[in-house]
Protein chains: 2
Amino acid sequence: MTQNIYDNDAFFSDYSKLPRSVEGLDGAPEWPTLRAMLPAMAGLRVVDLGCGFGWFCRWACAAGAAQVLGLDVSENMLARARETTADKAIAYARVDLERLDLPAGSFDLAYSSLALHYVEGLKPLLENVHRALVPDGRLVFSVEHPLYTAPSRPGWIEDTSGHKTWPLDRYLEEGPRTTDWLAKGVVKRHRTVATHLNHLLASGFTLARVEEWGPTDVQIAQHPAWAAERHRPPFLLVSARRADGVSSTVG
Amino acid sequence: MTQNIYDNDAFFSDYSKLPRSVEGLDGAPEWPTLRAMLPAMAGLRVVDLGCGFGWFCRWACAAGAAQVLGLDVSENMLARARETTADKAIAYARVDLERLDLPAGSFDLAYSSLALHYVEGLKPLLENVHRALVPDGRLVFSVEHPLYTAPSRPGWIEDTSGHKTWPLDRYLEEGPRTTDWLAKGVVKRHRTVATHLNHLLASGFTLARVEEWGPTDVQIAQHPAWAAERHRPPFLLVSARRADGVSSTVG
């Protein structure tokens, strides 16, 4: 099972204070880019892998989705999601993404925000998502960028002139990375960009778009400290499509 | 026009001494990986963008290609290629890749090794290659990895314990990068991984495979100094296919 750090009370308490927890999607700087990669929501059956507080589920429903299923491993997150959701078209369920088992052909869109870097078994998950989508269905997800997860010592190095560099190492060494982010010993799974893409292709997806997210000029004007993120993108965003024809029989 | 550094005599003299210049494909550590991304050569019409000394052209011909066209901007490279090529199925021509204008539907495979990072106009080049391929034709290429081209000061930082890190900065700032590699003032074009892929997709290609190349265990045993390359892959390798249907009308 994936480490369920969101049910660590101290972690959860601090996580709940982050802008993206308090303000929802508008508190996530990469949201406008991710939103632009999504299809029109009207009438779609949507599954959200790692739904957290349910912000995306509620947005999708308000944007016209027919049904939204939010999945998360954290009881804390799901309790808060249920408390703040009134729409009957949204359902939540507790699921370990390492053991995802969605029914075949049952969704038009699978979405995941900053959850898949906790999952060890990305390949079987993508294969299940491929099966669970209708032909031409879409998968849109974000993860922490592999440049962010790779290093032994993931922190900016600042020289005497104030110039920052990111001390990259171990990029090609895939596997667990343990960091102290909000709590000690948070375990994430480092995978290269190529591995993310090749797992998608081998699962029968075609690639539609890739974004290595960094802040816009407007965002930097509002948050000058974010400028350094252009040296090393913090998020990888991917849009893929369930391919028809031969490759879809992989699923 | 792309900077034609290979016709700088001092650069050319030093370049000619590199293992990949003396030993050909077997002197290029990424060649086995790139070769595995190629289709079977039998009967193919092949174009090599940035053919250099013609090593790949001769290999493709020996592997059964029907015709091979080697293109390069450097008179030095082309002269050496012609001197060392006997096969009549291979032709060479001087072409600036910034102004590539291949005839439509005339090739089964376009190949390029470590040349496209010199090209400013990658998008129009890919659009021309797409048009020049037959439906389901393939494009297989390598470039210097964007992690290699990005930094202001592209050199390993070694701490007192001998551990190396790569000082990443400016990853999201695309544009020219001037380095002193074999000669002063060599200009390469930095583009992110996402930009390479999105240009391919927008040109009508579908992605088949991506590799961020690093040395194998066997290669490190033979060349221990190469181990650091696993911290920061030096080469990006991509295999793409000319898509049929709607997107192929882009060309």
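The values are calculated or read from the model by the stated rules, or taken from the named source; none is laboratory data. Bear in mind that the values here come from a model prediction, so they are computed numbers and not experimental data. Cβ: placed from backbone, ideal geometry, glycine included. Neighbour counts: every protein chain shown.
The table below gives the values:
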quantity: Selection status of residue A:2, of a type outside the set (A, V, I, L, M) and touching a strand residue (DSSP E or B) at 6+ places or on another chain (Cβ under 8 Å); calculated: no
quantity: Verdict on residue B:120 being closer than 24 Å to residue B:211 by Cβ, charged (D, E, K, R) and either surrounded by 15 or more Cβ atoms within 10 Å (Cβ to Cβ) or within 13 Å of another protein chain (Cβ to nearest Cβ) (or both); calculated: no
quantity: Unmet criterion (only one of (1) surrounded by 14 or more Cβ atoms within 10 Å (Cβ to Cβ); (2) more than 25 Å from residue B:125 (Cα to Cα)) for residue B:26; calculated: (1)
quantity: Among the residues listed as A:63, A:79, A:132, the single one being among the aliphatic types (A, V, I, L, M), free of Cβ contacts under 8 Å to residues at least 12 places away in the same chain and either in contact with a Pro (Cβ under 9 Å, 6 or more places away or on another chain) or surrounded by fewer than 20 Cβ atoms within 10 Å (Cβ to Cβ) (or both); calculated: A:79
quantity: Tally of residues being of a type in the set (Phe, Trp, Tyr) and either surrounded by fewer than 18 Cβ atoms within 10 Å (Cβ to Cβ) or within 13 Å of the chain's Cα centre (by Cα) (or both) across region B:35-54; calculated: 0
quantity: Test: residue B:123 is more than 16 Å from residue B:238 (Cα to Cα) and modelled with pLDDT of 95 or more; calculated: no
quantity: All positions within region B:227-243 that are more than 23 Å from residue B:121 (Cα to Cα), within 9 Å of chain A (Cβ to nearest Cβ) and either among the β-branched types (Val, Ile, Thr) or touching a Pro at 6+ places or on another chain (Cβ under 8 Å) (or both); calculated: B:229, B:230
